[in-house]
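Asker: Structure below; questions to follow.
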Amino acid sequence: MDTNNHTTHHLNQDPHPQPRRPRGFAAVAMAAVASPDGSKGRKEREKEKERTKLRERHRRAITSRMLAGLRQYGNFPLPARADMNDVLAALAREAGWSVDADGTTYRASPPPSQIGAYPVRSAESPLSLKNCSAKAALDRQPSVLGINESLSPASLDSVVVPDPDAKCDKHISSSPINSADCLEADQLMQGVQTGELVNNLSGSPYIPVYVMLATGVVNNFCQLIDPEGVRQELSLLKSLHVDGIIVDCWWGIVESWTPQKYECEVSSIILKVAMAFHEYRGNDSGVVLVSLPQWVLEIGKDNQDIFFTDREGRRNTECLSWGIDKERVLKGRTGIEVYFDFMRSFRAEFDDLFAEGLIAAVEIGLGASGELKYPSFSERNGWRYPGIGEFQCYDKYSQQSLLKAAKLRGHSFWGRGPDKAGHYNCRPQETGFFCEQGDYDSYYGRFFLHWYAQSLIDHTDHILSLAALAFEETRIIVKIPAVYWWYKSRSHAAELTAGYCNPANQDGYCPVFEALKKHSVTVKFVCSGLQISCQENNEALADPEGLSWQILNSAWDQGLAVAGQNAFPCFDREGFMRIVDTAKPRNDPDRRHFSFFAFQQTPNLVQRTLSFSELDYFIKCMHGEIPAE
């Protein structure tokens with residue numbers, strides 16, 4: 001009997017047991033022993049160190065966003081250097097528990113009436129713009145400005161900006177744009193009566209609204225022009241319950257006089273930072289209020305090819321040509337090196353604000369007006385709406401790039417711009433290039449348009465790669481223009497000159513969003529908010545709703561977060577409600593919506609004051625606070 005048991009036990013055992021594979025440090029040690037010089041083991045250890053650094057950096061970024069959200073939307077007065085113990089203590093106190101300094105936690109009061117409910121956003125949040133006074137904010141946050149503290153809009157540097165995507169991830173979907181589940185343009189932009197839309201807004205997704213301060217609040221010496229006026233405006237915005245403020249950080253001001261000498265003091269009051277690498281002209285007067293840096297303009301006097309140029313040789317000083325991205329023509333630096341040095345200096349100067357989550361998003365200006373486009377609609381060169389614009393590729397550096405691409409294609413005679421593209425104010429049918437069956441769809445036309453659009457994508461990829469290095473885990477925002485006129489024509493002429501190869505027979509936005517997806521950016525779409533009349537629709541073949549439908553669905557299809565900004569100041573409820581309908585597509589089965597909205601004000605103070613009541617109503621709609629009627 002004992003023999004049988006012994007035999008059975010012996011048979012059940014594996015005659016050749018497999019040794020356990022070493023893991024972790026044991027695996028590294030074994031690899032080092034196997035290698036004669038141990039170099040492989042050292043490489044593995046170095047790789048593991050880098051992976052650990054990346055994991056820790058990612059963890060810190062997530063923590064900072066969580067802390068920012070708790071500060072902004074909950075009643076959590078967390079310290080600037082808060083850790084998880086502070087968060088747990090705050091959550092415990094919110095639930096009615098008492099937490100001593102040594103960590104002892106006990107029930108001191110009955111539990112809330114709704115067990116498990118999330119903390120309600122308190123009206124007394126100490127770090128909320130809408131609840132803290134400028135004086136109290138100044139007392140809490142030490143000033144790092146180079147100007148009088150009593151004149152500083154201190155509430156700007158006390159509001160914490162949450163990650164705009166933190167509340168919206170569950171609604172983002174990537175359903176194919178051409179699937180049966182995808183919305184049609186008339187569904188997404190379906191016009192409704194204000195009362196019908198209001199009935200559906202109560203309990204709708206919360207979309208943060210940030211207000212852009214007027215550009216003229218800061219002069220060319222980084223000084224506030226009207227501190228008292230800024231204080232009054234901040235007080236008004238606080239009463240409207242806005243979620244934060246956006247101020248442009250102008251390259252032409254910060255690095256105005258000397259290369260690599262940055263005057264960044266004013267930037268410390270920014271909540272959402274916009275890196276503005278372009279000039280700014282007044283909307284009404286056309287006067288240049290903020291130019292490119294003076295030292296750049298001095299270089300341009302001797303080498304005008306650093307600027308975009310049209311077919312007639314007219315230079316556009318609104319921004320630098322992308323042809324010099326890799327050309328050392330800026331006092332020994334290339335274009336992308338200049339941008340990188342600027343971004344890196346800003347990040348280093350305000351490292352503590354980034355680390356604490358006070359600056360959680362950075363918008364990168366990539367072209368004219370800070371938008372990802374060529375400056376093809378230059379009013380100084382005579383453009384007026386609804387002209388098709390002109391191609392901006394006639395500086396010598398862009399021409400060299402075009403000729404090189406043509407030679408690689410095997411057709412060197414293609415290394416030139418189109419001959420029959422008209423001028424700024426032409427209609428498509430008036431040109432040989434953009435008309436029906438025009439040259440835009442010929443072999444040469446497709447080659448040129450691909451090169452023109454690819455130059456835009458390459459510029460974007462270069463700048464965003466460096467922005468990721470400069471700002472690490474900070475959310476990056478890219479602004480996409482709304483070129484909606486001639487959208488119903490076959491050539492989409494205005495979009496072609498702006499750099500988007502989007503004729504009727506192909507999708508010009510998908511390649512752009514694929515490039516943006518690599519950098520995990522947030523796309524900020526400039527909404528027109530306009531009601532196009534039948535006459536304008538017939539004359540300019542304009543279709544802002546159709547363009548919005550294509551851009552939003554294409555971006556969401558790539559899994560990108562989408563935000564919005566109004567292209568023109570709004571004064572009436574009808575315009576505001578069209579923006580709300582775009583931001584919260586009511587018929588979207590995936591409940592996709594904007595992650596935040598940037599409201600652009602009019603520079604006219606009287607008009608701003610008159611529209612405050614409508615702005616208040618708009619903000620409540622975006623916050624989902626309008627009750628059903």
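The values are calculated or read from the model by the stated rules, or taken from the named source; none is laboratory data. These numbers were taken from a predicted model, which means no experiment stands behind them. Heads up, the Cβs are rebuilt from the backbone with ideal geometry, glycines too, and the neighbour counts pull from every protein chain shown. What goes into the accessible areas is simple: the full protein's heavy atoms, side chains included, and nothing from ligands, DNA or RNA. Shrake-Rupley method; radii C 1.70, N 1.55, O 1.52, S 1.80 Å.
Asker: Being part of a loop (DSSP other than H, G, I, E, B) and touching a strand residue (DSSP E or B) at 6+ places or on another chain (Cβ under 6 Å) is the filter; apply it to the range 253-274 and report the residue that is modelled with the lowest pLDDT.
Answerer: Ile270
Asker: Also, quick follow-up: Please give the number of the condition Phe568 fails out of (1) part of a helix (DSSP H, G or I); (2) closer than 30 Å to Leu213 by Cα; (3) open to solvent by 10 Å² or more (accessible area, probe 1.4 Å).
Answerer: For Phe568, the failing item is (1).
Asker: If I ask for residues that are crowded, with 16+ Cβ neighbours inside 10 Å, among the acidic types (Asp, Glu) and part of a loop (DSSP other than H, G, I, E, B), which ones from the range 300-326 would you list?
Answerer: Hits for the range 300-326 are Asp310, Asp325.
Asker: Here's something else I'd like to know. Looking at Glu430, Glu436, Glu472 in this structure, which one is over 18 Å from Gln399 (Cα atoms), without any contact (Cβ under 8 Å) to a residue 60 or more places away in the chain, in contact with a Lys or Arg (Cβ under 7 Å, 6 or more places away or on another chain) and of a type in the set (D, E, K, R)?
Answerer: Glu436 is the lone residue from the list that is over 18 Å from Gln399 (Cα atoms), without any contact (Cβ under 8 Å) to a residue 60 or more places away in the chain, in contact with a Lys or Arg (Cβ under 7 Å, 6 or more places away or on another chain) and of a type in the set (D, E, K, R).
Asker: Okay, next question. For the range 327-355, which positions are surrounded by fewer than 19 Cβ atoms within 10 Å (Cβ to Cβ), under 30 Å from Ala82 (Cα atoms) and not hydrophobic (A, V, I, L, M, F, W, C)?
Answerer: Passing the criteria: Arg344, Ser345, Glu349, Asp351, Asp352.
Asker: Can you name the number of the only condition in (1) crowded, with 21+ Cβ neighbours inside 10 Å; (2) within 22 Å of Thr334 (Cβ to Cβ); (3) among the basic types (Lys, Arg) that Arg475 fails?
Answerer: (2)
Asker: Is it true that some residue in the range 550-563 is surrounded by fewer than 17 Cβ atoms within 10 Å (Cβ to Cβ) and at pLDDT below 90? Working first, answer last.
Answerer: Taking the range 550-563 first, the residues surrounded by fewer than 17 Cβ atoms within 10 Å (Cβ to Cβ) are 559.
Next, only the ones that are at pLDDT below 90 stay: none.
No, there is no match, as no residue in the range 550-563 is surrounded by fewer than 17 Cβ atoms within 10 Å (Cβ to Cβ) and at pLDDT below 90.
Quick grid of which residues meet (1) at pLDDT 90 or above; (2) hydrophobic (A, V, I, L, M, F, W, C); (3) over 15 Å from Ser239 (Cβ atoms); (4) in contact with a helix residue (DSSP H, G or I) (Cβ under 7 Å, 6 or more places away or on another chain):
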{"position": "Met577", "(1), (2), (3), (4)": "no, yes, yes, yes"}
{"position": "Pro589", "(1), (2), (3), (4)": "no, no, yes, no"}
{"position": "Ser595", "(1), (2), (3), (4)": "yes, no, yes, no"}
{"position": "Ser613", "(1), (2), (3), (4)": "no, no, no, no"}
{"position": "Ile619", "(1), (2), (3), (4)": "yes, yes, no, no"}
{"position": "Glu629", "(1), (2), (3), (4)": "no, no, yes, yes"}
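Asker: Being open to solvent by 10 Å² or more (accessible area, probe 1.4 Å) and among the aliphatic types (A, V, I, L, M) is the filter here; which residues of the range 453-469 pass it?
Answerer: Matches in the range 453-469: Ala453, Ile457, Leu466, Ala468, Leu469.
One line per residue, one yes/no per condition, for (1) outside any loop (DSSP other than H, G, I, E, B); (2) at negative phi; (3) in contact with a Cys (Cβ under 9 Å, 6 or more places away or on another chain):
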residue: Tyr394; (1), (2), (3): no, yes, no
residue: Leu403; (1), (2), (3): yes, yes, no
residue: Lys407; (1), (2), (3): yes, yes, no
residue: Gly417; (1), (2), (3): no, yes, yes
residue: Tyr424; (1), (2), (3): no, yes, no
residue: Phe433; (1), (2), (3): no, yes, no
residue: Arg446; (1), (2), (3): yes, yes, yes
residue: Ala453; (1), (2), (3): yes, yes, yes
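Asker: Which numbered condition trips up Val296, out of (1) within 22 Å of the chain's Cα centre (by Cα); (2) modelled with pLDDT of 85 or more; (3) surrounded by 21 or more Cβ atoms within 10 Å (Cβ to Cβ)?
Answerer: (1) is the only condition that Val296 fails.
Asker: Pick from the range 40-59 the residues that are modelled with pLDDT of 75 or more and open to solvent by less than 80 Å² (accessible area, probe 1.4 Å): which of them is nearest to Leu469 (Cα to Cα)?
Answerer: Residue satisfying both the conditions and the ranking: Thr52.
Asker: Of the conditions (1) of a type outside the set (A, V, I, L, M, F, W, C); (2) within 17 Å of His492 (Cβ to Cβ); (3) buried (at least 16 other Cβ atoms within 10 Å of the Cβ); (4) within 33 Å of the chain's Cα centre (by Cα), His450 satisfies every one except a single condition; which number is it?
Answerer: (3)
Asker: Next up: Have a look at Leu67, Leu88, Leu78 and point out the one that is part of a loop (DSSP other than H, G, I, E, B), of a type outside the set (Val, Ile, Thr) and either at pLDDT 65 or above or at negative phi (or both).
Answerer: The unique qualifying residue is Leu78.
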